[in-house]
Amino acid sequence: MLYSLTGSLTLIDNEFAVIDVNGVGYRCLTSTNSLSQLPKIGSKVTFYTYLHFKQDVLALFGFTTQNELNLFKKLISVSGVGPKAALSLLSGVPTDRLIMSIMAGDEKALKVPGVGAKTAQRIILELKDKISGGELTTSLTGVTMSDITQSATDFSAQSEAISALVSLGYSQTDAAVVISKLDTSLSAEDMIKQGLKKLAKL
């Protein structure tokens, strides 16, 4: 079906945007992240789309990047996660951070309106092993998803440092991202000290 739409941006609302393609206006439900990246009205834009059909409901979803669309499709593939909950996640957590949070098993970061603890756990359980390289990418400089996976699962100085930072009130995602950038030869104590300095600047 529809893979993408390219046309003139004619309307921006709180939950959707309208793109005119050869005289036909397509209403694309989208995230606040995509909405924030849209240019001014009248500009040429491209939305990567997903047509959702369920019983008597037909809805078109569109995103400014393929990465966000791919993540949306993975989210709705999880049992109990519909398009509304997926949009809530994509609107409440930046795409890069959401990918990292799932990889790190950071349940707290996934708790947004419409997504409770059990749903967050299910998302991590079903997607953690599926989100790796290729289809989904992250633009966080110097941090790969394998770095986060390694940091989140290894019983090492890195793991100890991450646990310590989480116990101090930082999210597991932020702690994992910061610690993954440090020299792995450092002791856990030194990682914690340097991690605290970097987190203070976020």
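The values are calculated or read from the model by the stated rules, or taken from the named source; none is laboratory data. Owing to the predicted nature of the structure, the values given are computational and were not obtained by experimental measurement. Quick reminder, even Gly has a Cβ in these numbers, built from the backbone with ideal geometry, and neighbours come from all protein chains shown. These accessible areas exclude ligands, DNA and RNA; they are computed on the full protein's heavy atoms, side chains included. Shrake-Rupley method; radii C 1.70, N 1.55, O 1.52, S 1.80 Å.
Can you list residues from other chains, or at least 5 along the same chain, whose modelled amide H is less than 5 Å from the amide H of G114?
Residues meeting the criterion, in which the H sits 1.01 Å from N, do not exist here.
Let me know the charge dipole size of segment 41-139 about its Cα centre in debye, to the nearest 20, where only the beta-carbon of Lys, Arg (+1) and Asp, Glu (-1) is charged.
Dipole magnitude for segment 41-139 comes out near 160 debye.
At a 1.4 Å probe radius, which order do I192, I131 fall into by accessible area, largest first?
Correct descending sequence by accessible area is I192, I131.
So, for the chain, what is the accessible surface per residue at a probe of 1.4 Å, expressed in square angstrom?
With all protein chains present, the chain gives 52 Å² per residue.
Between beta-carbons, use under 15 Å as the cut-off and find the net charge around K84, counting Lys and Arg +1, Asp and Glu -1.
Around K84, the surrounding residues sum to +1.
What does the extension gain come out to for A117 and A59, with contour length at 0.36 nm per residue minus their alpha carbon separation?
Roughly 18.2 nm would be gained on extension.
Treating only the Cβ atoms of Lys and Arg (+1) and Asp and Glu (-1) as charged, compute the dipole magnitude of segment 1-76 about its Cα centre; round to the nearest 20 debye.
Charge dipole, segment 1-76, about its Cα centre: 160 debye, nearest 20.
If I compute solvent accessible area with a 1.4 Å probe over the protein chains, what percent of it on the chain is carbon and sulfur?
52 percent
So which of K74/K130; K128/K198; K73/K130; K111/K193 end up more than 18 Å apart by C-alpha?
Result: K128/K198; K111/K193 exceed 18 Å.
What does the convex hull of the Cα atoms come to per residue for the chain, in Å³?
132 Å³
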